[in-house]
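Right, one structure below, let's go through it.
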Amino acid sequence: MSLHIGADKGQIAQTVLLPGDPLRAKYIAQNYFDNAHCYNEVRGMLGFTGTYKGQDISVQGSGMGMPSLSIYVNELIDEYQVKTIVRVGTCGSFQEHLGVGQLVIGMAASTDSAINTHIFHGYDFAPCADPLLFTKAVNLASEMNLPYHAGGIVSTDRFYLEDIRYEPKWVEYGLLATDMESSALYTLALRKGVKALSILTVSDNLVTGEFASQEERERSFGQMIDLALAVVH
């Protein structure tokens with residue numbers, strides 16, 4: 001049992017899906033896992049373990065933002081020896097051609113957060129996904145005929161932006177979309193020697209103003225989970 005996860009040793013699989021929303025964790029466990037059981041209810045951040053096609057797998061809510069995700073990722077790795085983490089969440093698209101419901105496979109995650117600036121004493125650090133997971137996800141998405149784009153993303157500290165002067169730079173340099181977690185996930189995974197990948201669903205387009213309906217979110221969310229499970233199986 002760790003500070004924020006109430007599981008006993010051995011209750012969490014070495015492979016974990018990581019949605020931000022704990023209710024999405026519950027949804028994944030109930031609809032995709034066999035023999036799922038809840039191992040964590042601390043602070044309402046639900047976690048479940050079950051099997052998928054005979055393989056042990058867990059899903060753990062991580063909350064919103066890099067500080068929250070970092071707590072759970074640190075404890076999953078240090079206290080429960082998790083080896084593979086795949087984030088499954090939503091993102092906002094920076095590119096006009098990248099529409100709502102499409103998938104984004106994050107190759108590397110830039111950030112406006114000061115977390116890595118502090119860690120690296122002012123130097124820039126470019127956290128990236130595990131190359132084997134990334135390559136496998138791209139190949140499987142093509143084989144499964146899923147609408148996807150693969151490339152750089154950016155993780156921001158702020159959901160509501162007061163100053164949007166910097167967004168055109170993200171677009172100019174070809175970044176696909178923004179979330180609030182992936183940069184921290186990739187940084188921690190690289191530091192601790194585990195595998196990590198973010199597979200995201202576009203929930204809104206910041207260029208066109210398009211946003212997903214509830215039906216579209218549910219349909220595209222299913223595609224994201226199908227791909228994530230195929231990658232880790």
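Read the figures in this text as sums done on the coordinates, not as results from a lab. This is a predicted model, so every value here is computed, not measured. Every residue, glycine as well, gets a Cβ built from its backbone with ideal geometry; the counts of neighbours run over all protein chains shown.
For the reader, a short list of remarks on this structure follows.
- Simple label model, 7 Å out from Cα along Cβ direction - F159 to D56, nm: 3.4
- Of every Cα-Cα pair in the stretch 6-45, the percent that sits beyond 13 Å: 58
- Using the Karplus relation 6.51 cos²θ - 1.76 cosθ + 1.60 with θ = phi - 60°, the per-residue 3J(HN,Hα) values for the stretch 175-189 come to 5, 7, 6, 10, 10, 10, 9, 4, 4, 5, 4, 5, 4, 5, 4 Hz, with x marking Gly and Pro.
- Calculated FRET efficiency for the pair E172/T135, C-beta based, R₀ 25 Å, to 0.05: 0.40
- Along each principal axis, taking the top coordinate minus the bottom one, the Cα set of the stretch 30-140 gives 45, 35, 26 Å in descending order.
- Estimated FRET transfer efficiency (I119, M144; beta-carbon r; R0 45 Å; 0.05): 0.75
- The chain: most fluctuating residue of E79, E41, E172 per GNM, C-alpha cutoff 10 Å: E172
- Note on the chain: lysine pairs with Cα distance below 30 Å, sequence gap of 8 or more or different chains, count 22.
- Here the chain is treated with +1 on each Lys and Arg Cβ and -1 on each Asp and Glu Cβ, and its dipole about the Cα centre works out to around 580 debye.
- Its Cα gyration tensor gives the chain an equivalent ellipsoid. The semi-axes, each the square root of 5 times an eigenvalue, are 26, 21, 16 Å from largest down.
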